[in-house]
Amino acid sequence: MEGVCRRLLFFVLILGAFLISQTVFAEEKTGERTEQKDQKKTVQEKDQKSPHKLEGITVTGKKTKEPVTSPYAVTESSQLQTDVWTREEIEALNPETVWDVLRQVPGMEVTFQGRQHMDFSSIRGSGSYGIIMDGVYVSQSDRILSTLPVDAIESMTIVRDATALTLGPLTSFGSGTGSSNQGFVVIKTKRASKLEGGLVTSYGSFHTEKEHLYQGAKIGNFDYRIAGTYNNTLGKTNWYNASRNESLLFRGGYTRPSVEFDIFYYASRGMREFQRSETVVPTLKAGKYDWSQVGQLSTSKWKTDPLISNMFAANLSKHWNDKHTTTFNYAYNSYIVTSMTTDFPDGGKQKVSFADQDSRGQTLSVRHAITSHNNVLKLGGQWLDSVAPNGSAPTTDKRTIDQDMFGLYVQDEYHMFNDRLTIDAGIRGDKKHDSNSPVTYKPVDEWSRPLYAYTVGTAFKLIPMITLTGRYAYTENAQSGNQLTTNGSSLPTEKRSRYEGGVIANIHPSFNPWLTVYYYDTKNQKSPTGTSFIDTATGDEIDYVTATDMQTKGAEVGVSGQILKPLTYRLQYTYVNTNDNSTNKSTPHHRTSGTLSYKYKNFEANTSFRYVSAYSQTQWDQRGGYTMWDGNVGYNCKIFDRDTKITFYVRNIGDKAYLTSGNGDYYNPGRQYGMQLSYSFF
């Protein structure tokens, strides 16, 4: 009853704002149209004045649309390693969660592991990445990304590049994996550019339902948008994989030519059950295999309830003149998480255990950009704070983590020969402070030595349709508190040299191929020793690690385009390999993904696929080795003279029962289908 009341309250607030604004803002429409035209003209004039754009890099999904003064802008040499998913492309994909978008990104591996870290992902083998959502540096991303309302997302920018040092630290921070950052995912939520409002609702397999209600408006230089979302699924029968989440998101701001200010607030509350694994290995008894338990579901009964998230960010950009821009950012996030563990069957005298896994964090950033006709110079500093009173999952047994990081960077990009050639270089230094030892978790006042990152890159337009890029980065990464050695000693600092080269060809709007190759040489990389122990607080298997030298090589190739007007497509292939047997065994070497969209008048059809090669093969099972297809068809029409879209979707069309990774065999639940209705109030 309490959850129903909260849902009702959310939607009543939004509906009330909608009804009031419909009357108050009706008179603003004419003025808004004029103002939007003026603003569009101003933006176009700014773009024309800005020389910092290589015209050759214009492939769909590859073009970075950020102005050079934006805190999220990357250099020209990084654009080939940057994918941009727009609102329209996300809607065509019809994803259930943000993870479905990330599965389509080349170089990105997404797995379902069960237990504490159910959803997990990495870039180019074993690399981690940072999540930035409207200015919030998101921790516990493996849990939070599954709760974010995809209907409220304006764009997702994935930077698969270790040289993007202006976005955040390249060393691990607030991460349970301890991996160095291989890139960043920047998520922007929608802002209103006019009076708008609507409802998105859907229902599908496993009694999965969604209601998303939103309303927004632009009043002069001010704008706001508020959205409430409710998601609920009962999950597959007996699989114990139900989930529920309700959220409220606000985005608003004030925009003038000389100053831009926006705030972001997101609050969500829900729960998630931990899917039961399936037994696939028979038990050896008296020299004979006992198959009686094979095919049975695990008796472990775990879930997180509640799973509460709060995020806030304030962003301010001041354009002092046409050359100087200063950007300020402050963000705060907190997570209240309680993990419950017991056993099936229900109704017995099983022991029920609870473990708090709360955390909170803050960031403060100051950036300054100096632009001239041929040069862009960026300087900045960041402070990041992360506190987990009971430790970070899976080691959640009163092991307090309290860590700060201070970082400074400078990056310069110079354009030559009428923008045919750009050269960029940068340096970043980060210094950590621990209030608790990352090894013993006892109170300390310890500063680590500075960790540095050095980068250099270039982009050269060989001919009007072909652009070559090359990048090098040197980064350092310290030992994480979640990594243990057999004798309790500290491991040496990880040092990684990263080499990347690429080519992109804008041959024709219907055919735009690109290629990236990379080689990483890592000294003292943390890798499993092959021995482990079971954490008594969580039941998770924790590996002991050692330092080893590792070389990683790979390639990413893709093609995208638009055939005539109605048909657009993306295809991409990823290859990765290392000289470390343990890493190779647990990583798929080949991945392919793609999307195809067709529009004709009011009708549209979309399909997507991904192929993951087999890995972690044993006598009894294997990970990967599957091809997954999704699809949807939609029809746009008018109901009560309002824009309406009806969509029918199917996920996992082939009903594939595949595995990815984890401490057990967690199969995909199979084919899912349903219908979605989108209705606009204006």
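The values are calculated or read from the model by the stated rules, or taken from the named source; none is laboratory data. Bear in mind that the values here come from a model prediction, so they are computed numbers and not experimental data. Virtual Cβ from ideal backbone geometry, glycine too; neighbours counted across all protein chains shown. To get the accessible areas, we keep the full protein, side chains included, count just its heavy atoms, and leave off ligands, DNA and RNA. Shrake-Rupley method; radii C 1.70, N 1.55, O 1.52, S 1.80 Å.
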Among (1) in a strand (DSSP E or B); (2) open to solvent by 50 Å² or more (accessible area, probe 1.4 Å); (3) touching a Ser or Thr at 6+ places or on another chain (Cβ under 7 Å) - the single one residue 310 does not satisfy: (2)
Residue tally, condition within 23 Å of residue 356 (Cα to Cα) and among the hydrophobic types (A, V, I, L, M, F, W, C), over the range 306-331: 4
Single match in 253, 228, 220 (criterion: surrounded by fewer than 14 Cβ atoms within 10 Å (Cβ to Cβ) and touching a residue at least 12 places away in the same chain (Cβ under 8 Å)): 220
Residue check for residue 551: farther than 23 Å from residue 631 by Cβ, part of a strand (DSSP E or B) and among the polar types (S, T, N, Q): yes
Every pair of residues 6+ apart whose Cβ atoms lie under 8 Å, when the first sits in the range 274-289 and is farther than 30 Å from residue 338 by Cβ while the second is of a type in the set (D, E, K, R) and in a strand (DSSP E or B): 280/665; 282/290; 283/290; 284/290
Selection within the range 623-670 - open to solvent by 20 Å² or more (accessible area, probe 1.4 Å), closer than 21 Å to residue 236 by Cα and acidic (Asp, Glu): 630, 655
In the range 190-200, the residues that are open to solvent by 40 Å² or more (accessible area, probe 1.4 Å) and either in a strand (DSSP E or B) or under 28 Å from residue 235 (Cβ atoms) (or both): 199
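Is it fair to say residue 673 is open to solvent by less than 40 Å² (accessible area, probe 1.4 Å) and farther than 23 Å from residue 560 by Cβ?
Details: open to solvent by less than 40 Å² (accessible area, probe 1.4 Å): no; farther than 23 Å from residue 560 by Cβ: yes.
Against the criterion (open to solvent by less than 40 Å² (accessible area, probe 1.4 Å) and farther than 23 Å from residue 560 by Cβ), residue 673 does not qualify.
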Residues (among the hydroxyl-bearing types (Ser, Thr, Tyr), part of a strand (DSSP E or B) and more than 16 Å from residue 304 (Cα to Cα)) located in the range 222-241: 224, 229, 230
Answer residue from the range 321-337, given it is touching a strand residue (DSSP E or B) at 6+ places or on another chain (Cβ under 7 Å) and open to solvent by 50 Å² or more (accessible area, probe 1.4 Å) and is farthest from residue 383 (Cα to Cα) among those: 323
Residue within the range 314-328 that is free of Cβ contacts under 8 Å to residues at least 60 places away in the same chain, touching an Asp or Glu at 6+ places or on another chain (Cβ under 9 Å) and of a type in the set (Val, Ile, Thr) present: no
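When the residues of the range 116-137 are filtered to those that are charged (D, E, K, R) and surrounded by 23 or more Cβ atoms within 10 Å (Cβ to Cβ), which remaining residue is farthest from residue 628 (Cα to Cα)?
134
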Among residues of the range 400-438, those that are part of a loop (DSSP other than H, G, I, E, B) and closer than 23 Å to residue 71 by Cα, counted: 1
